[in-house]
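The values are calculated or read from the model by the stated rules, or taken from the named source; none is laboratory data. Quick caveat, the model's predicted, so the values are computed rather than measured. Neighbour counts run over all protein chains shown; Cβ positions are idealised from the backbone, glycine included. The area values use the complete protein model at the heavy-atom level, side chains included, leaving out ligands, DNA and RNA. Shrake-Rupley method; radii C 1.70, N 1.55, O 1.52, S 1.80 Å.
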Amino acid sequence: MKCSRKKLFLVFIFVFFCLTINVYAEEKKAVLKDAVYLRKGPGTNYGYYILGKSGTSYSLKKESVVPDEPKNGACNAGWYEIDYSGKSAYVCASYIEIKNAGENTDVYDRPWTTPKKAIVGGARFMTRSYINKGQFTSYLKKFNVNPNSSYNVYNHQYMANLAAPYSEALTSYRTYKANNLLELPLEFTIPIFENMPEYTGLPGKEIDKTCESTITDATFEAELNEQGFPESYKCKLRLLHKTRPNWTFKALKTGLDFEKSITAEQNVSSIQGGDAYYDKPLVQTEKGWYKANRATVGYYLDPRNFLIEERILMFENLGYSDNYNEQVVQTILKGTFMSGTSVLDNQSYSSIFVEAGKNENISAVYLASLAIQEAGVKLSNTTNGAEFTYEGVTYAGLYNFFNIGASSSAKNPALAGLVYASGGSKDVIVNGGSSSSPSVDSDETAMLAKLGASVNAGCLQNLAVGTTIGTIKSKLSGYTVTINASDNDIIKTGQEITITDGKKTYKYIIAVKGDVDGDGKLGATDYVKIKNYIMEKSGSELSTPASIAADVDGDGNIKATDYVRIKNSIME
């Protein structure tokens, strides 16, 4: 009998153990796709604990969806029950993404440790946080004046730069024109304010009073009248209709007083451009940027100033379109560091933007234009994955092509954006992180130290010009080095190299400082390529390895001093 009881006890322990393992194996996390209230019951009429932040994860108490209780507010998808500080809370299933506890529960898949991760994650952020919230044009992302937006007007703006929609629209226009996309039946949503002045203009600039008062298309005129466009809008739209008769214009009646809107926008906007545009006394918002005066804010806020072909794309819906394919996106990227392939992702930048656009339902052309607006045409600290220190913590291997999280109030907005890209992961912290969670591959660090090299955007750099394959192998005794060249050959920019110790394998593209043309030497063609790139001449775009090679002084920018250094070394 004792033996029998012992067996039963062991069976009980075994079953309990198995059930416990199963519970942990199947534990689920509920990740908020958007900022949403954590309700005290399954209905919008219930009170709430807090407004949950987008990307926050909570333990899922029940995997099944709880339906709405009668007369307690609609959520067609039903409600998930989650754990909030030991209490039951409810979130509409439409705002929840379910993931296994072991998965990356960051809704934007941070840390962004490759260009593709940053572009795809950034596209998801903009779709969920802006486009789906009523800020669905470039103009509305800057000036949130849509009364139907999920956020209060004037708040929740993507950028502080007053001229951002202006610049993005021009970049998109050039692409549309080069690919005959202006012939498409495009649709534009144009805000209308109350009590607008006859004209607005930039200080010191002539006011554009171009207008068409003659009605030539009665049907088109009736459509404008039905939309409620004032005459000051209609005279501009008539001009556009003459050349683009298949375009459609929709009025967005904001109900907002124009002068009051200027006051509100002046407090959340900055500009960089000239003393005539700045408020007095000067108020610096960040280095090189200042609070704009009322006239400047009024000009950029006034939609009528941009009802011309070159600027109207700031009012286009930013949803995904099959018309904007890789060939189209490539015309935007030409002449930038994104014209070629992302080494870390082994994928062309143009295809990454199209893939991100399709997956997240956002225009690939807009994504590419925004990346140029925010990150620039040349590699910088937000796009090269280089090591940086912020608030006493050193990070490496992070990318942020859209400067998401780069608050203008931050000590260094660009670096603050890269910290956002880390998503709090210790895997990208070089120092200042938990000692029990090493953040970098110590084996790789040791190998690079032996070689006297470092890694930048997947490229092996800081190897001296003229270094032979045999020299690399001799420095890395105990490692197997594979490269398509003999031991007596010198290394060249663009070569692939594989290094392994039998346990771990590392693959890189070589970038030799100054060797822009990939012949392994410093010559006239190298500094000419850099010079042409700086001058943005046609066909002067550089691949990622060539861009790193062109940055001779290693400051993260390609400029005149880089090609001068090469020129001087040749003449020595």
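Is region 469-482 home to any residue that is closer than 30 Å to residue 376 by Cβ and outside any strand (DSSP E or B)?
Of all residues in region 469-482, those closer than 30 Å to residue 376 by Cβ come to none.
Checking region 469-482: not a single residue is closer than 30 Å to residue 376 by Cβ and outside any strand (DSSP E or B).
Might you let me know whether region 338-352 holds any residue that is under 20 Å from residue 181 (Cα atoms), surrounded by 24 or more Cβ atoms within 10 Å (Cβ to Cβ) and in contact with an Asp or Glu (Cβ under 9 Å, 6 or more places away or on another chain)? Spell out how you get there, then give the answer.
Taking region 338-352 first, the residues under 20 Å from residue 181 (Cα atoms) are 350-351.
With surrounded by 24 or more Cβ atoms within 10 Å (Cβ to Cβ) added as a condition, the list becomes 350.
Subsequent filtering for residues that are in contact with an Asp or Glu (Cβ under 9 Å, 6 or more places away or on another chain) retains 350.
Within region 338-352, one or more residues are under 20 Å from residue 181 (Cα atoms), surrounded by 24 or more Cβ atoms within 10 Å (Cβ to Cβ) and in contact with an Asp or Glu (Cβ under 9 Å, 6 or more places away or on another chain).
Within region 325-337, track down each residue that is part of a loop (DSSP other than H, G, I, E, B) and either touching a residue at least 60 places away in the same chain (Cβ under 8 Å) or touching a Gly at 6+ places or on another chain (Cβ under 9 Å) (or both). Write out each step before concluding.
Step one: list which residues in region 325-337 are part of a loop (DSSP other than H, G, I, E, B), which gives 325, 334-337.
Selection gives 334, 335, 336, 337.
Looking only at region 511-528, decide whether some residue is open to solvent by less than 70 Å² (accessible area, probe 1.4 Å), modelled with pLDDT under 90, over 23 Å from residue 377 (Cα atoms) and in a helix (DSSP H, G or I).
So far as region 511-528 goes, yes, one or more of its residues are open to solvent by less than 70 Å² (accessible area, probe 1.4 Å), modelled with pLDDT under 90, over 23 Å from residue 377 (Cα atoms) and in a helix (DSSP H, G or I).
If residue 290 satisfies every condition in (1) in contact (Cβ under 8 Å) with a residue 12 or more places away in the chain; (2) more than 34 Å from the chain's Cα centre (by Cα) but one, which is the exception?
Result: residue 290 fails condition (2) only.
Quick one: in region 195-213, which of the residues that are open to solvent by less than 70 Å² (accessible area, probe 1.4 Å) and not polar (S, T, N, Q) is nearest to residue 135 (Cα to Cα)?
Step by step, filter region 195-213, then rank; the result is 196.
Applying the selection to region 361-375, what residues are open to solvent by 20 Å² or more (accessible area, probe 1.4 Å) and over 22 Å from residue 184 (Cα atoms)?
Selection gives 372, 373, 374.
Kindly establish whether residue 484 is polar (S, T, N, Q) and closer than 21 Å to residue 399 by Cβ. So that I can check it myself, show each step before the final result.
On the way: polar (S, T, N, Q): yes; closer than 21 Å to residue 399 by Cβ: no.
Criteria not met by residue 484.
Checking residue 283 against (1) under 19 Å from residue 158 (Cα atoms); (2) among the aliphatic types (A, V, I, L, M); (3) surrounded by fewer than 23 Cβ atoms within 10 Å (Cβ to Cβ), only one condition comes out false. Which one?
All conditions are met except number (1).
If residue 235 meets every condition in (1) touching a Ser or Thr at 6+ places or on another chain (Cβ under 8 Å); (2) within 18 Å of residue 144 (Cβ to Cβ); (3) in a helix (DSSP H, G or I) apart from one, which number is that one?
(2) is the only condition that residue 235 fails.
Is it the case that residue 475 is under 17 Å from residue 452 (Cβ atoms), surrounded by fewer than 17 Cβ atoms within 10 Å (Cβ to Cβ) and of a type in the set (Lys, Arg)? Write out each step before concluding.
Working: under 17 Å from residue 452 (Cβ atoms): yes; surrounded by fewer than 17 Cβ atoms within 10 Å (Cβ to Cβ): yes; of a type in the set (Lys, Arg): yes.
Answer is yes for this residue.
Out of region 136-194, which residues are assigned to a loop (DSSP other than H, G, I, E, B), open to solvent by less than 10 Å² (accessible area, probe 1.4 Å) and aromatic (Phe, Trp, Tyr)?
The answer is 143, and nothing else.
Which residues, counting only those in region 82-117, are of a type in the set (Val, Ile, Thr), open to solvent by less than 30 Å² (accessible area, probe 1.4 Å) and either modelled with pLDDT of 85 or more or over 27 Å from the mean Cα position of the chain (by Cα) (or both)?
82, 91, 114 - these are the residues of region 82-117 that are of a type in the set (Val, Ile, Thr), open to solvent by less than 30 Å² (accessible area, probe 1.4 Å) and either modelled with pLDDT of 85 or more or over 27 Å from the mean Cα position of the chain (by Cα) (or both).
Of everything in region 496-510, what is open to solvent by less than 40 Å² (accessible area, probe 1.4 Å) and over 26 Å from residue 569 (Cα atoms)? Give them in sequence order. Please lay out each step first, then the result.
Let us first name the residues in region 496-510 that are open to solvent by less than 40 Å² (accessible area, probe 1.4 Å), namely 497-500, 506, 508-510.
Scanning region 496-510 gives 497, 498, 499, 500, 506, 508.
How many residues are touching a Leu at 6+ places or on another chain (Cβ under 8 Å) and either farther than 30 Å from residue 428 by Cβ or of a type in the set (Gly, Ala, Ser) (or both) if we restrict to region 445-498?
Number satisfying all stated conditions: 6.
Read through the list (1) modelled with pLDDT under 90; (2) within 21 Å of the chain's Cα centre (by Cα); (3) open to solvent by less than 30 Å² (accessible area, probe 1.4 Å), then give the number of the only condition that residue 357 fails.
(1)
Please indicate, with yes or no, whether at least one residue in region 239-260 is over 28 Å from residue 181 (Cβ atoms), in a helix (DSSP H, G or I), open to solvent by 60 Å² or more (accessible area, probe 1.4 Å) and modelled with pLDDT of 95 or more.
yes
Yes/no per residue for (1) among the aromatic types (Phe, Trp, Tyr); (2) without any contact (Cβ under 8 Å) to a residue 12 or more places away in the chain; (3) more than 15 Å from residue 420 (Cβ to Cβ):
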| residue | (1), (2), (3) |
| --- | --- |
| 343 | no, no, yes |
| 366 | yes, no, yes |
| 381 | no, no, no |
| 390 | yes, no, no |
| 393 | no, no, no |
| 404 | no, no, no |
